[in-house]
Every structure is written in C-alpha cells, then in structure tokens.
Amino acid sequence: MALRNLMARFGAGAASVDTVLDRDVAQPGGTVSGRVVVVGGSVAQDVEEVVVGLQARVEVESGDSEWREDVVFGRARVGAGFTTVPGERTELPFSLRLPWQTPVTAIGRWHLRGVHVGVVTKLVIAGAVDPGDLDAVTVAPLPVQQAVVDALGSLGWRFKHADVEKGRLHGSDLPFYQELEFAPPASARGVNELEVTFLADPQGVDVVLEADRRGGLFTEGRDVVSRLRLSHADTDRSRVAGALERAVRELGARRGWGW
C-alpha cells in the first residue's frame with residue numbers, strides 16, 4: 001500500500017479527471033457547460049478542490065523575443081474537500097460564462113489557425129501531481145462581429161490572419177486581445193493591412209481599427225488607430241459597410257493616404 005501511495009503521488013495509479021462538454025460551440029457572452037468526471041485510482045486520495053477555467057493561447061513579445069503562453073481566465077471551483085475511492089466515479093456539473101471579449105476561434109466554417117480557446121480542468125490533490133484535462137471550445141462570432149467581417153469583405157478587404165496578443169487596449173477587460181488582419185483593396189493606396197479588434201460588452205462592441213501604413217524610402221511606416229461603436233442590433237451588412245468605409249476613409253484622410 002505504501003508503494004501504491006508513493007506511485008500515486010507521481011501520477012501512476014492516481015485519480016483521473018475527464019471533462020465532458022454539453023456542447024463545444026459557444027459565443028462571447030454565452031456559456032459553456034458540462035460535467036467533470038473524477039475516477040478514483042488504485043488508492044484513496046484527498047482532493048482539495050476541482051477547478052475549471054477558460055484558457056487561451058496568446059503571443060507574447062519582449063524586445064526581440066517572441067513566444068506563446070497559455071493564459072487561464074474565468075475560472076470557477078466546482079468541487080472541494082472529498083476523498084476519491086478506487087474505481088469510484090464522481091460527476092461534478094459546471095457552467096462557465098465566456099467574457100464578452102473572449103477571442104473568436106472560427107468565422108463561418110473556417111477555424112482560425114493559431115487561435116485556441118478551451119476549458120481546462122485541474123484536480124488539486126495534496127502532495128501529488130495534479131491531474132488535469134483540456135477540451136477545445138469553438139468560439140463563434142457574435143452577429144455584429146460577423147457583420148463587420150462580411151462588410152469588410154464587401155469593401156474589398158481580404159482576411160489574412162488572426163492572433164491573440166498579450167496586453168491591454170483602452171477598454172479591454174482581459175489581459176490579452178485579438179487582432180484580425182485584413183489585406184487592403186487595390187484602391188487603398190499606402191496601407192499594408194488593417195487590423196481589427198473587437199472590444200465587446202453587453203450593449204455592443206467597439207471596433208478598433210488599426211492601419212499599418214507603408215513606409216517609403218524617406219518615410220517611416222506608422223500605425224494609426226480609429227474606433228467605431230456598434231450595437232448588437234447592427235447586423236445589416238450594407239449599413240455596417242457604410243459605417244466602416246467612412247471610419248477608414250476618415251482615418252486615412254487624417255494620415256494622408258490615398259484612395
């Protein structure tokens with residue numbers, strides 16, 4: 001028995017944990033629910049707590065270095081203070097609300113490469129390696145976010161890439177933010193790309209537009225920023241396209257681009 005206890009401390013024969021989601025698709029501001037299934041290992045173990053949370057993979061830049069790290073947000077305790085019995089199954093239901101500014105991982109039928117959000121589960125056992133589980137969640141855009149993407153496409157901006165960066169923008173609630181990158185139409189002279197960040201809340205969304213200006217032989221490229229406020233009811237693509245076109249043209253006029 002002593003040998004079994006020692007092995008369980010290092011994970012061999014320890015309790016296992018599996019998270020079963022009711023549905024693996026959600027939207028910012030919505031919920032993801034399911035149950036945590038704990039199965040006792042070869043020996044009894046005291047579980048201090050069972051914690052679930054949302055996890056996003058973010059890009060971190062520091063000087064000339066760049067790397068990715070996993071950031072947990074929106075965590076909740078779903079169980080605590082019980083002892084596992086060998087072979088016994090314990091189910092703990094949970095429900096997590098996704099913050100309004102949770103990164104989107106898919107647009108339409110396309111999953112965004114490099115953008116990962118999931119439900120991470122951790123079983124905290126005193127004096128032992130803590131077993132855990134990670135289940136991917138597809139975060140679909142809000143209707144107003146989808147309308148912005150569709151409207152940009154109708155204006156000739158071509159989606160290129162998406163990433164999640166560590167840091168904060170004015171109005172952001174999380175320690176990271178998402179950027180959607182769009183290549184410009186031929187008519188948008190002097191612009192490398194348009195980066196779009198959604199800062200959503202219960203009333204609507206701030207659409208942060210950041211344009212990367214091309215640098216020439218005697219000029220330096222600069223990032224210039226504008227914001228557009230939309231409500232959740234602003235889902236008409238033509239109206240959103242008109243508002244976006246005005247915002248981008250005003251941004252360009254201030255910085256001397258041409259159309």
> So what are the ³J(HN,Hα) numbers for segment 52-57, from phi and the Karplus equation (6.51, -1.76, 1.60; θ = phi - 60°), rounded to whole Hz, Gly and Pro as x?
Replying inline: 10, x, 9, 10, 10, 8
> How far, in degrees from 0 to 90, does helix 143-154 lean away from the longest principal axis of the Cα atoms of the chain, to the nearest 10?
Replying inline: 40
> Considering the dipole of the chain built from charges on the beta carbon (Lys and Arg +1, Asp and Glu -1) around the Cα centre, which of Val207, Val47, His116 is farthest to its positive end?
Replying inline: Val207
> Where does helix 237-255 land angle-wise versus the long Cα axis of the chain, in degrees 0 to 90, nearest 10?
Replying inline: 70
>> Once you place label points 7 Å from the Cα toward the Cβ at His232 and Ser62, how far apart are they in nm?
In response: 3.8
> Expressed as a whole percent, how much of the Cα-Cα distance distribution for segment 2-139 exceeds 26 Å?
Replying inline: 33
> Picking from Gly87, Thr197, Leu98, whose Cα lies most toward the positive end of the charge dipole for the chain (charges on Cβ: Lys, Arg +1; Asp, Glu -1)?
Replying inline: Thr197
>> Below 8 Å between Cα atoms, with a sequence gap of 6+, how large is the relative contact order for segment 2-139 in percent?
In response: 33
>> Starting from a Cα-only point model with no solvent, please compute log10 I(q)/I(0) by Debye for segment 143-255 at q = 0.14, 0.18, 0.20, 0.22 1/Å.
In response: -0.56, -0.92, -1.13, -1.34
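Run lengths n ≥ 4 of DSSP H only: what is the helix-derived mean residue ellipticity at 222 nm for the chain, with -39500 (n - 2.57) per run over all residues, to the nearest 500? Don't skip to the end; give the middle numbers.
Values: 3 runs with 39 residues, N = 259.
Per the formula, -5000 deg cm²/dmol.
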> Taking the Cα-to-Cβ direction at Asp201 and at Ser154 and moving 7 Å from each Cα, how far apart do the two end points lie in nm?
Replying inline: 2.8
>> Using 5 Å bins from zero, what percent of all Cα-Cα pairs in the chain falls into each bin?
In response: 1, 6, 12, 14, 14, 13, 10, 8, 6, 5, 4, 3, 2, 1, 0, 0
> So how do Lys160, Lys166 line up by other beta-carbon neighbours within 10 Å, fewest first?
Replying inline: Lys160, Lys166
>> What distance in nm lies between label points placed 7 Å from Cα along the C-beta direction at Val72 and Ala106?
In response: 2.6
> Which of rounded, prolate, oblate describes segment 151-197, given a ≥ b ≥ c as roots of the alpha-carbon gyration tensor eigenvalues and a/c under 1.5 marking rounded, otherwise prolate only if a/b is larger than b/c?
Replying inline: prolate
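Throughout, read-outs are computed from the coordinates displayed, never taken from laboratory work. Everything numeric here is computed off the predicted structure, so don't read it as measured data. Here the Cβ is made from the backbone with ideal geometry for all residues, glycine too, and neighbour counts use every protein chain on show.
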